[in-house]
Every structure is written in C-alpha cells, then in structure tokens.
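The values are calculated or read from the model by the stated rules, or taken from the named source; none is laboratory data. Predicted, not measured: the structure shown is a model, and the values here were computed from it. As a convention, Cβ positions derive from the backbone with ideal geometry for all residues, glycine included, and neighbour counts pool all protein chains shown.
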C-alpha cells in the first residue's frame with residue numbers, strides 16, 4: 001500500500017519535515033498552514049532535505065512530488081488518502097483542526113497526528129469518524145530519522161492501525177505500534193526522564209551542557225544508535241544473561257542515583273544558564289550548518305550500519321539499505337513520469 | 001605522557017576490558033584477580049578485543065603488551081605508573097583493595113577506580129596518599145567506547161587529575177572531568193533515569209523490551225551517537241535557538257510525563273517479564289555473537305563519522321581517526337621492539 005496524495009496540516013519544523021519526506025518519495029502534498037511565511041519556511045526545510053537525500057540516495061530518487069499551498073484545511077485534505085496533522089500542542093487547537101480534517105477527508109483516509117504527548121483518545125471526541133485517527137509520532141529530522149510511534153485511541157480500529165503502519169513504512173519509516181496509550185508514549189517518556197535529570201546536572205554545576213553532550217556521544221549514544229538499552233544490558237550480563245544483570249543492578253533503584261523524585265524549578269536563571277552554555281558550545285555554527293552536520297552524520301551512520309550483519313545491514317542500516325533501493329526503484333519506474341513531471345513547476349505557488 | 005607499566009586490579013568484564021585496551025596499545029599489564037578462572041575470562045575478552053582492533057586499526061597496531069597474572073595486589077602494582085581498580089561495587093571491598101594498592105604503588109602512580117557510583121571522597125579515607133586517587137569511570141566495552149569520566153574527591157590534587165586525563169587520553173579515550181562529585185556521576189545518572197522509566201514502561205505493558213529497544217535505536221540513539229541532547233535541542237529550537245526550545249518545552253516538566261516520582265518494585269515478576277522478553281528478542285544470538293555484532297557496528301559508526309566535518313572527523317569519528325593514526329605510529333616506531341617482543345610469549349602463564 002502506498003500513499004497517492006497526502007495532506008499536511010501545519011508546516012513548522014515537524015510539519016515541513018513530513019512534507020519533505022513525502023515529496024522526496026515522489027508523493028504530491030497539499031499543505032495548509034495559516035502562517036504567511038509558511039512557504040519560505042517549508043522551502044528551507046526542503047532545501048536541507050533535498051541535499052540529504054541527494055547524498056543518501058545512491059541508487060537514485062523518484063521525481064519529486066509537488067507541494068500545493070492550500071487556503072483551507074478542506075481544500076488540503078480533499079482527495080487525500082493520508083493526512084498528517086502537526087499543529088501546536090494544545091488540545092483545543094487539535095480538536096478544532098481535527099474536526100475540520102474529519103469533515104472533509106475521504107472516509108478511508110488515515111489521519112495521523114504528530115503530537116508528542118497527547119493521547120489519541122483525548123483527541124477522538126472531535127471526530128465523527130474517530131476510527132481512522134492515530135498518533136504517528138515522528139522524530140526530528142522527520143525526513144531522516146526513521147522511527148514513527150503509532151498509537152491508537154479507544155476508538156481507533158485495527159484496520160486503520162494496520163493501514164497507518166503500511167503507509168508509514170512505505171515512505172521508509174520504522175513504525176512501532178505502542179500497545180497501550182499513555183501521555184508522551186515511549187520515546188518521549190525516555191527523553192523526558194533524561195532531560196529532567198540533565199537539567200539538574202547543569203543547574204547543580206556538575207557539568208556544562210557541552211560536557212554532558214560529550215558524555216552522551218562518546219558512550220551510550222554510540223551504543224543506542226545500534227542496540228537499545230535492553231540488548232546492551234543483556235550483553236553486559238555476560239553468559240549469565242539478563243537475569244544476572246538485573247540482579248546486579250536492581251538494588252541501585254533504591255539508591256539516591258537520580259534527582260527524579262522532583263523536578264528543577266523552571267526559571268529565567270536556569271534558562272540563562274543553559275542557553276549561555278549552549279552558545280559557548282555551538283554558536284560557532286549557524287543552525288543551518290548544524291543541521292547539515294547532523295544530517296551528514298546520520299547518513300554516515302546509516303551507511304556504516306548498512307554494511308554490517310554479513311552485508312544484510314543492522315538496525316537503521318538495514319532499513320536504510322531497503323529505503324535506498326526503494327527510492328532507486330521509484331526512479332527507474334517513473335522515468336516517463338519524471339520527464340512529464342519535470343515540465344511541471346517544482347513548487348506550485350501559493351494558490 | 002604515556003603509560004609505561006600498568007596494573008589492573010579485578011579482571012571481570014570491566015577489568016578485562018581495561019586490560020585489553022592497555023595491552024592492545026602495547027602496554028604491559030600486571031593483573032591481580034583472585035578468581036581461579038581469571039585468565040580464561042580475560043583471554044576471552046582479549047580475543048574479542050583483538051578481533052575488533054584488527055578490524056579497526058587500518059594503519060597498523062603496536063606489538064601487544066604482555067599480561068602477567070600476579071599473585072598479590074602488591075606484586076601487581078609494584079613499579080606501575082597507572083593502576084586501574086575494577087573490583088565489586090562495595091565500599092568495604094574498595095577500601096580494603098585501595099589500601100593495599102596505596103601501600104605498594106609508586107608514590108606518583110595514578111590510581112583510577114572503575115566504580116559506577118561511589119564518590120571518590122568516600123574511598124579516600126582508605127589511602128595514605130589519597131591525592132592520586134581518581135574515579136576513571138569507563139563504559140562497556142572499555143576497549144572500544146572512548147568515554148572515561150574522571151572524578152576527583154576532596155583530597156585529589158589537580159596534578160593527578162591532569163595526569164589521569166593525559167594517561168587516559170594516551171590510550172585513545174575521551175576523558176571528561178566532572179566538576180563536582182556526586183554519586184553515579186553524569187553518565188550513569190542519565191542512564192539510571194532512562195532505565196527507571198523503561199522498567200515502568202515494560203511493567204505496565206506499554207511496550208516490550210524489543211519494541212523499546214527499537215524505539216531507541218531508530219530515533220534518539222542515532223542522534224546521540226553524534227550530538228548530545230543539548231546540541232540536538234538547539235537545532236530543534238531553530239533560528240530562535242535554545243531559549244525558544246526551552247520556553248516551548250519547559251512546561252512539560254510539570255506534566256505527568258514520567259513515572260519518576262517513584263520506582264517500580266523490583267521483584268521476581270518484573271525480572272521474569274524482562275528476562276523472558278529479552279530471550280525472545282536476542283536468544284537467537286549467543287552473547288559472544290552479540291558482542292561481535294556490537295563491536296562491528298561501533299567500528300562502522302566510528303568510520304562513518306571519521307569522514308565527516310570536511311574530512312576532519314566529527315565526535316567519536318574524529319577521535320577514532322586520531323586513535324587509528326596513533327596505533328599505527330606505535331606499529332612503525334616499535335618495529336624493533338615488536339620483533340623482540342614476538343620472541344617473548346604473548347601470554348605469561350599464571351605465576
């Protein structure tokens with residue numbers, strides 16, 4: 001199953017990341033975003049994503065899909081079989097936007113929400129056809145990071161969970177279906193735990209943001225790019241395995257090894273401290289430069305992992321191998337279509 | 001400054017990892033471990049590490065140092081300029097072992113402790129010369145992961161912190177000096193926070209260990225192999241920067257986004273659940289196979305990152321480039337020494 005026509009509602013960093021992934025997969029996207037600057041912002045993300053895909057897609061790329069800037073949600077979602085909502089994280093806004101999408105989208109379209117934290121069941125009351133609403137929670141940069149957490153609400157049907165999984169996978173992603181809905185799902189729960197602890201560490205002057213970043217990227221970050229914590233700890237347990245590991249480290253749970261019984265007060269002083277240290281670490285690069293460095297690094301990691309596991313690829317590397325092949329297949333199949341498309345303008349001006 | 005003769009006290013997974021890193025850097029190591037199986041276990045780790053280094057060291061390797069199995073701590077540390085302690089995580093054992101090391105080690109030797117959590121100030125009362133004790137906390141696999149957290153106690157002098165930093169760097173590591181000592185330092189604080197949250201997620205049936213691992217390695221693990229969380233979030237803040245990011249996500253701190261106000265009860269049921277799911281995920285590989293997969297993946301990531309940043313390398317990749325060069329330099333400089341060494345037995349039998 002593939003996406004024929006997509007709609008994106010909201011064109012911020014995440015929304016534009018979705019647009020980029022879709023368009024670079026050769027899919028036409030209609031975008032609705034009331035921001036008068038939307039097309040400029042989306043084109044900036046597109047430029048970065050295009051650069052990354054040209055580097056990554058060693059077997060070719062399909063002809064780019066078109067981006068249409070729609071004037072209304074109704075106009076954007078009409079005829080779409082896949083709609084991704086990426087509007088601000090406020091339940092009242094989500095309700096308003098989702099009701100509008102629901103009223104005009106084809107009945108069998110999948111509606112995915114990019115929310116980082118809101119439970120789908122809390123959004124479903126806004127929809128007359130709530131069975132097709134899923135959370136499809138991506139990670140920035142959406143065009144390069146493969147994970148999408150799929151979360152169904154009380155009224156989501158298995159049919160639409162399965163359909164969502166297929167559609168996300170068809171654009172090179174790694175869908176993981178979360179078994180029970182909770183706020184913030186799984187990825188952001190883990191990120192939030194680490195973030196809270198990190199704020200304490202900076203606030204208490206144990207380390208600077210640069211030192212903390214180095215501690216991550218020279219140790220467990222390298223582990224987690226290829227194996228998650230459970231597989232890593234299984235190895236740490238040695239031949240005695242996971243049980244041994246847990247027996248050894250279980251007691252730490254009662255030791256004062258985190259500050260997580262509490263959260264740091266979020267005040268100007270903390271913001272200044274962290275923003276100042278962040279400038280010291282990174283102000284030498286523009287955000288655009290940092291994005292390019294990050295994207296190049298990610299592609300290098302994918303390519304390294306793609307050669308592992310006896311040439312089959314490992315983890316994100318295995319997925320990357322398949323994705324590159326798929327993008328290349330698109331390129332050859334659509335040779336004629338690409339030619340036809342090349343005569344169309346790449347970017348349709350705001351209607 | 002380089003290490004002339006090293007001593008390792010304790011030859012478990014971590015201790016043997018230190019032995020491997022030292023020996024593969026061409027340094028002779030005297031090991032003390034009362035376990036009658038110590039030499040077999042160390043040789044197993046050595047075999048894995050040797051395999052990894054042969055793969056990684058594209059510019060050659062120095063002649064391997066020798067391993068001497070000492071009968072006493074006194075025998076192991078005599079004449080050593082660098083001693084690494086990796087005995088079990090109990091303060092009484094640390095005290096006993098460190099007192100013995102202290103009594104027999106040269107006065108200017110650096111004593112590093114591999115402890116994951118104990119504060120150096122809590123260990124220093126056991127030493128007559130506490131100024132040279134630092135925590136040098138590594139990450140498994142010690143021979144491949146570069147990070148070492150250096151933590152000084154109340155009585156550690158700057159001279160020895162600097163010396164420790166130089167010695168660890170001389171064997172290809174990335175030392176980060178922690179500014180204030182706290183239990184579990186920085187890396188394990190972050191790991192413990194994520195681990196506690198992960199236990200809740202599994203216990204509550206939100207996901208399985210394999211799903212959680214996939215969520216990590218297809219998203220933020222890929223980020224953190226090359227940039228830490230603060231640099232990543234700086235990018236997420238866009239041109240508005242870190243201040244904008246914090247303003248946007250600060251409020252989440254008061255939302256119920258983690259279970260970290262509490263810790264899950266550590267009982268047989270939880271151990272069974274996790275160990276069972278871990279078997280489903282990984283029992284198809286032996287621990288040895290998993291180690292090789294992990295090591296190959298790490299080397300592939302290093303090599304990918306070594307080509308970034310205009311060829312200068314980025315993060316662990318930049319360090320890798322230097323390390324490979326350094327190992328190769330050792331190989332050519334010590335051509336004569338290597339020949340001489342080749343006539344000595346590689347592994348000195350237990351004395």
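When the criteria are applied in full, residue B:311 meets the requirement of being more than 7 Å from every other protein chain (Cβ to nearest Cβ), at pLDDT 75 or above and assigned to a loop (DSSP other than H, G, I, E, B). When you scan segment A:55-72, do you find a residue that is assigned by TED's automatic domain parsing to the domain that holds residue A:170, assigned to a helix (DSSP H, G or I), on the phi < 0 side of the Ramachandran plot and touching a residue at least 60 places away in the same chain (Cβ under 8 Å), even just one? Yes: one or more hits. Among the residues of segment A:26-54, the ones that are without any contact (Cβ under 8 Å) to a residue 60 or more places away in the chain and touching a strand residue (DSSP E or B) at 6+ places or on another chain (Cβ under 6 Å) come to 5 in all. The number of residues in segment B:159-178 that are in a helix (DSSP H, G or I) and either farther than 15 Å from residue B:2 by Cβ or free of Cβ contacts under 8 Å to residues at least 12 places away in the same chain (or both) comes to 5. Residues in segment A:21-31 include at least one that is under 19 Å from residue B:235 (Cα atoms) and within 16 Å of the chain's Cα centre (by Cα). Among the residues of segment A:246-286, those that are at the interface with chain B (Cβ under 8 Å from one of its Cβ atoms) and modelled with pLDDT of 85 or more comprise A:277, A:278, A:279, A:281, A:282. Among the residues of this structure, residue A:107 counts as one that is in a loop (DSSP other than H, G, I, E, B) and without any contact (Cβ under 8 Å) to a residue 40 or more places away in the chain. Taken over segment A:183-196, the criterion of being touching a residue at least 24 places away in the same chain (Cβ under 8 Å) and either in contact with a helix residue (DSSP H, G or I) (Cβ under 7 Å, 6 or more places away or on another chain) or more than 21 Å from residue A:140 (Cα to Cα) (or both) is satisfied by A:184, A:186, A:187, A:193, A:196.
Criterion first (closer than 18 Å to residue B:2 by Cβ and outside any loop (DSSP other than H, G, I, E, B)) does residue B:136 satisfy it?
Values: closer than 18 Å to residue B:2 by Cβ: yes; outside any loop (DSSP other than H, G, I, E, B): yes.
Answer is yes for this residue.
Mind listing just one residue for me: the one in segment A:220-243 that is more than 7 Å from chain B (Cβ to nearest Cβ) and modelled with pLDDT of 75 or more and, of those, surrounded by the most Cβ atoms within 10 Å (Cβ to Cβ)? Among residues in segment A:220-243 that are more than 7 Å from chain B (Cβ to nearest Cβ) and modelled with pLDDT of 75 or more, the one surrounded by the most Cβ atoms within 10 Å (Cβ to Cβ) is A:223. Looking at A:118, A:83, A:93, A:101, just one residue is closer than 30 Å to residue A:322 by Cβ, assigned by TED's automatic domain parsing to the domain that holds residue A:10 and within 22 Å of the chain's Cα centre (by Cα), and that residue is A:83. Only residues that are more than 14 Å from chain A (Cβ to nearest Cβ) and part of a helix (DSSP H, G or I) were counted in segment B:121-132, giving 8.
Within segment B:183-219, which residues are more than 25 Å from the chain's Cα centre (by Cα), surrounded by fewer than 24 Cβ atoms within 10 Å (Cβ to Cβ) and part of a helix (DSSP H, G or I)? Matches in segment B:183-219: B:200, B:202, B:203, B:211. For residue B:76, the criteria (1) buried (at least 24 other Cβ atoms within 10 Å of the Cβ); (2) not in a helix (DSSP H, G or I) hold in every case but one, which is (2). Among the residues of segment A:197-209, just one is touching a residue at least 60 places away in the same chain (Cβ under 8 Å) and farther than 17 Å from residue A:271 by Cβ, namely A:197. One residue stands out among those in segment A:314-351 that are part of a loop (DSSP other than H, G, I, E, B) and at pLDDT 90 or above: the one that is surrounded by the fewest Cβ atoms within 10 Å (Cβ to Cβ), which is A:314.
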